[in-house]
Amino acid sequence: MNKYDVVIIGSGPAGMTAAIYAVRANMKTLLLDKLAPGGQMVNTNEIENYTGSGAINGAELSMQMFEHTQELGVEFDYKTVLGIEDKGETKVIRCEEDDATFETSTVILATGTVPRSLEVPGEDRFAGSGISWCAICDGAQFRDKDVVVIGGGNSAVEESIYLAGIVNQLTVVTLFDLTADPKVCDKLRAMDNVAVYPYQDVLEFTGESKINGVRFKSTKEDATERHVNCDGAFEYIGLKPTSEPFADLGILDKFGCIVVDDEMQTAIKGVYGAGDITNKKLRQIVTACSDGAIAANSAAKYVDSLRD
């Protein structure tokens, strides 16, 4: 069995940046992912806020990052990680494919999150091209257009306030009432170009070649059905950390996010977190890259300490 200095699980921007920093620190590095490199970037039609890239397609940026890892000789393998066994100075990673196992001194967990979805007609068709889960990433392309936001929590309301400042008309559709902090809810409701529909169940995203509206109905007794025209929609019904394989390690918070300190260290020596899967506030490509660099640097210092 090959022994690595670091195994990085997840090949989004955090994982790929960690791999770049790790191999440059002369660590024997393995990057694992069950899917194509890029994480959530792959499904983003246009990215405009990654420093130095201008407007770029998410899949293209993903490939550029992956090619960078390959130029540096990072070993990559498609594997589905089932679990990690902590044996002190050695960690054993179990994978589904071929019952493969890998031994390593350190692990960086960068498996990210996936947006919770409504699973209604039209959602798959327009995901990443009309339907987005990030107003900071994609809001600018809907400037002076009509947009629907689905959700009523803090993220939904705060992003709605941001969007209302740049779009023509904003419609907020939420299963319950607005549940964010009262102050921001009042601010949103007071905006002239905002309409809020509480207690609504989304039925469908409509359109042929592109999204043209959202159909929803009241959860009250009258069950009134409405259709709102729009050029785009943003879903904020929660994020699901992809942390199931790490549940027995004792490093997750109550939401399933990995708890790390400012060095990206978890409660287990030699195990680090990076990117969206960690307990952080701003989930962006640039912050994921920062996390990956810090985690790799911390892992390199730990590996050096084992060699002394």
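The values are calculated or read from the model by the stated rules, or taken from the named source; none is laboratory data. Remember, it's a predicted structure, so these values are computed and weren't measured experimentally. Backbone-built Cβ (ideal geometry, glycine too); neighbour counts: all protein chains shown.
Got a number for residues in region 268-308 being farther than 27 Å from residue 155 by Cβ and assigned to a loop (DSSP other than H, G, I, E, B)? Let's see the steps before the verdict.
So the first thing to find is which residues in region 268-308 are farther than 27 Å from residue 155 by Cβ, and the list is 268-271, 296-308.
Imposing the further condition that a residue be assigned to a loop (DSSP other than H, G, I, E, B) reduces the set to 268-270, 308.
The total comes to 4.
Return yes when residue 62 is touching a Leu at 6+ places or on another chain (Cβ under 9 Å), assigned by TED's automatic domain parsing to the domain that holds residue 291, among the small types (Gly, Ala, Ser) and touching a residue at least 12 places away in the same chain (Cβ under 8 Å) and no when it is not. Quick ask: steps written out before the conclusion?
Numbers: touching a Leu at 6+ places or on another chain (Cβ under 9 Å): no; assigned by TED's automatic domain parsing to the domain that holds residue 291: yes; among the small types (Gly, Ala, Ser): yes; touching a residue at least 12 places away in the same chain (Cβ under 8 Å): yes.
Spelling it out, it is not the case that residue 62 is touching a Leu at 6+ places or on another chain (Cβ under 9 Å), assigned by TED's automatic domain parsing to the domain that holds residue 291, among the small types (Gly, Ala, Ser) and touching a residue at least 12 places away in the same chain (Cβ under 8 Å).
Taking region 97-125, which residues are assigned to a helix (DSSP H, G or I) and either among the small types (Gly, Ala, Ser) or within 18 Å of the chain's Cα centre (by Cα) (or both)? Can you show your working first?
Our first condition is that a residue be assigned to a helix (DSSP H, G or I); within region 97-125, this holds for 97-99, 123-125.
Result: 123, 124.
How do the strands (runs of 3 or more DSSP E) wholly within region 155-219 filter down when requiring 1 or more residues that are among the small types (Gly, Ala, Ser) and closer than 19 Å to residue 129 by Cα: which remain? Spell out how you get there, then give the answer.
Working: elements: 169-173, 194-197, 200-207, 211-218.
By residue number, 200-207, 211-218.
Could you look through region 32-56, keep only residues that are in a loop (DSSP other than H, G, I, E, B) and of a type in the set (D, E, K, R), and pick out the one that is modelled with the highest pLDDT?
Just the residues of region 32-56 that are in a loop (DSSP other than H, G, I, E, B), to begin with: 34-38, 44-46, 48-55.
So of that shortlist, the ones also of a type in the set (D, E, K, R) come out as 34, 46, 48.
Working: 34: 94, 46: 73, 48: 80.
Result: 34.
Mind checking which residues of region 134-173 are under 23 Å from residue 51 (Cβ atoms) and of a type in the set (Lys, Arg)?
Within region 134-173, 143 is the sole residue that qualifies.
Which of the residues that make up region 252-269 are closer than 29 Å to residue 118 by Cα and buried (at least 20 other Cβ atoms within 10 Å of the Cβ)? Walk me through it before giving the result.
Step one: list which residues in region 252-269 are closer than 29 Å to residue 118 by Cα, which gives 252-259.
Once the filter is applied, which keeps residues that are closer than 29 Å to residue 118 by Cα and buried (at least 20 other Cβ atoms within 10 Å of the Cβ), region 252-269 yields 252, 258.
Hey, among the residues in region 221-251 that are free of Cβ contacts under 8 Å to residues at least 24 places away in the same chain and within 30 Å of residue 145 (Cβ to Cβ), which one's surrounded by the most Cβ atoms within 10 Å (Cβ to Cβ)?
In this case the residue turns out to be 227.
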